[in-house]
1. Could you list, in sequence order, all residues of the range B:155-174 that are open to solvent by less than 10 Å² (accessible area, probe 1.4 Å) and within 21 Å of B:SER205 (Cα to Cα)?
2. Please work out if A:PRO304 is more than 30 Å from B:SER239 (Cα to Cα) and buried (at least 20 other Cβ atoms within 10 Å of the Cβ).
3. So which of B:ASP196, B:ASP219 ends up being touching a helix residue (DSSP H, G or I) at 6+ places or on another chain (Cβ under 8 Å), within 21 Å of B:LEU27 (Cα to Cα) and not β-branched (Val, Ile, Thr)?
4. Being open to solvent by less than 10 Å² (accessible area, probe 1.4 Å), modelled with pLDDT of 95 or more and closer than 18 Å to A:ASP262 by Cβ narrows it down to one of B:VAL242, B:VAL235, so name that one.
5. Being at the interface with chain B (Cβ under 7 Å from one of its Cβ atoms) and either buried (at least 17 other Cβ atoms within 10 Å of the Cβ) or of a type outside the set (Val, Ile, Thr) (or both) is the filter here, so list the residues in the range A:230-265 that pass it.
6. Only residues that are open to solvent by 10 Å² or more (accessible area, probe 1.4 Å) and free of Cβ contacts under 8 Å to residues at least 40 places away in the same chain: list them for the range A:151-168, please.
7. Among the listed residues B:ARG184, B:ARG191, identify the single one that is away from chain A (no Cβ under 14 Å), more than 30 Å from B:LEU323 (Cβ to Cβ) and not aromatic (Phe, Trp, Tyr).
8. Tell me, yes or no, whether the range B:119-139 has at least one residue that is within 30 Å of B:GLY248 (Cα to Cα) and surrounded by fewer than 17 Cβ atoms within 10 Å (Cβ to Cβ).
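The values are calculated or read from the model by the stated rules, or taken from the named source; none is laboratory data. This is a predicted model, so every value here is computed, not measured. Virtual Cβ from ideal backbone geometry, glycine too; neighbours counted across all protein chains shown. When the accessible area is computed, the model is the full protein with side chains, heavy atoms only, and any ligands, DNA or RNA have been set aside. Shrake-Rupley method; radii C 1.70, N 1.55, O 1.52, S 1.80 Å.
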Amino acid sequence: MSSLLSIKNLGVNFDTARGSLEAVHGVDIEIPAGTSVGVVGESGSGKTVMCRAAMGLLQGSNVKRSGTVIFDGHELTAMSKEEVRNLFGSGMAMIFQDPMTALNPVRRIGSQLSEGLRVRLEMSKKDAMVRSKELLELVRIPNPTAVLNSFPYQLSGGMRQRVMIAIAIACNPKLLFADEPTTALDVTVQAQILQLLRELREDLKMSMVLVTHDLGVVAGNTDYVAVMYAGEVVEYAPTTKLFADMRMPYTEALLESIPKVDHKSGTRLAVIAGRLPNPTDRGAGCSFAPRCKYAQEKCHKEHPELKKDPDGHLYRCWYPIGVAL
Amino acid sequence: MLVSDRGGVVMAGSGTAHMRNTVDSVLTVRDLTIEFRVAKDKIVKAVSGLSFDVIRGETLAIVGESGCGKTTLARAVLQLPPPNSGEVVLDGTDLTLLPKENLRSARTSMQMIFQDPISSLDPRMTVHQLIDEPLEIWDRGTRAERDERINNLLNNVGLEPELVLNRRSYEFSGGQCQRISIARALALDPRVLICDEPVSALDVSIQAQILNLLQDMKDQFGLTMVFISHDLAVVKAVSNRVMVMYLGKICEVAPPDVLYAKPAHHYTRALLDSVPIADPTRQKKTELLQGEPPSPMNPPSGCRFRTRCHAASVRCAEHEPELQEVAPGQFVACHHPIV
């Protein structure tokens, strides 16, 4: 299978007052065409920075990006800002976590939605409005004409996220980055938005990178999962394989901490004690070792290399679960 | 007033069959109505004739979608602002009748934890000042006694006093801020703790830590809790009784194990089906709840959920369902309950 997006050895450093902050380190991810890949991890694990770096959205003198990103045959890391920009919309698009702040509060939905169509597809104002209405219908917004003339504050969170999705898919992108698209929403609306994304992906033959902190969201919506911890991909496998046979103690801990409806009431939740390591000072060993219940001496001293099972399951652990040493 | 289809008179609400009326009730809310005037002739009916009681040592979970009136209800219990009508009885005292100064002192025994842990703490105050403020206002002990109390509280919520006392809220993560909020809420030894979506802004791993901490604090301080959430999976771990709300009314009240195993209201069923399952081999293929709740300015007649309910009939539009007991301890307001 050919890769639509191929990220190799991606690293992102921010210069801060307290020294260089390594937000993403040595990330390798392949996104095969037509698939959905979940990126899971806690706040601060580098999920969002990784996606933005892949799209070339991180700019500024304090940002250092290393490694290569190849999208659909183009090496993004070797292209100019203008050339990368030309891929936005029709090549790749992004949905952000907070639909309120991602939309311009003083412009009507219609003008924000038709902007991409007019700039990227060079549609006339009238055609763009007609297409905008179709797009709102596509994301199942009732009464699209009224919504075109509305301002973002007049819409609910779920409606705003549908508008964001409509903007993102307006120019038929090949790859959609969805950065925590449902975290700010209620469970019922989350279920609706995830179903909508599944259907659109099917209909438009779109690939997707779904960023989330919730393994429950990943389970029904992705083909592959990359688990991130402290700026690194610590496990990567097909979704069914990951849930059936996980290797990383971190993935296991993340899964156990989700409250489940079929637990008996009053069940004490399993927690991951402690916090993510300080990103300006990682230490020598495995980044997860201080919080890991299986950690041994070696884990605190040597940083584990990425290992690969014969079936392609990747993990970064000295003592992986289910592997005889 | 409405006339029910069984001939009896029903309060404009969903009935009171679920009220236990025992002497052990710490908090009793009767027929609470909260309305806001948003324009000359537009009134938002946030909570309509709602009743519930919470027994000593119990955790009542209130569950529902955004805009169903959960937060308004919690704030009205604290008289922030006072409800339009109805009673809020805390330990035998009706708070809605209290003069301002008495209400202020009565509020010390009810504390609230808010959804956004970072913005609910004053960024200019140190952790020491944040927790000391209630103790100082109510003159609880000498300086040395108060400092000792602050240290104990911080230790209780799992923070190291020496490391945090002189720092401000922006130096902490969301989970740590929520711990500070909990320490502050417990400073005055409240009897009732109202938690308004305390974990919905947190990551799953931190969420589990805070839920466990709330449970520990409840046991240690003998608290009675009201826990508000939109996520049924979250409340299962902490609650003794779950109340499902929709558009300002009660749909269903039941102990969690009953509610999750055999939900009787179609809305409860839909909420349960919305919880994502962390197992790719067990994905549900059920019909999702479509659309969003209608406007509380103009709620549907009869059963308020009928516009999104697949089991709705003519009767649902004409008569408002009243809460009735369908199993021991399980009350549902539905003409066509799931059996």
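1. Passing the criteria: B:VAL157, B:SER169.
2. Details: more than 30 Å from B:SER239 (Cα to Cα): yes; buried (at least 20 other Cβ atoms within 10 Å of the Cβ): yes.
Judged against the criteria, A:PRO304 is a match.
3. B:ASP196
4. B:VAL242
5. Matches in the range A:230-265: A:THR239, A:PHE243, A:LEU254, A:LEU255, A:SER257, A:ILE258, A:PRO259, A:LYS260, A:VAL261, A:HIS263, A:LYS264, A:SER265.
6. A:GLN154, A:SER156, A:MET159, A:ARG162
7. B:ARG184
8. Initially, the range B:119-139 is screened for residues within 30 Å of B:GLY248 (Cα to Cα), giving B:119-121.
Then keep just the ones that are surrounded by fewer than 17 Cβ atoms within 10 Å (Cβ to Cβ); that gives B:119.
Yes - at least one qualifying residue is present in the range B:119-139.
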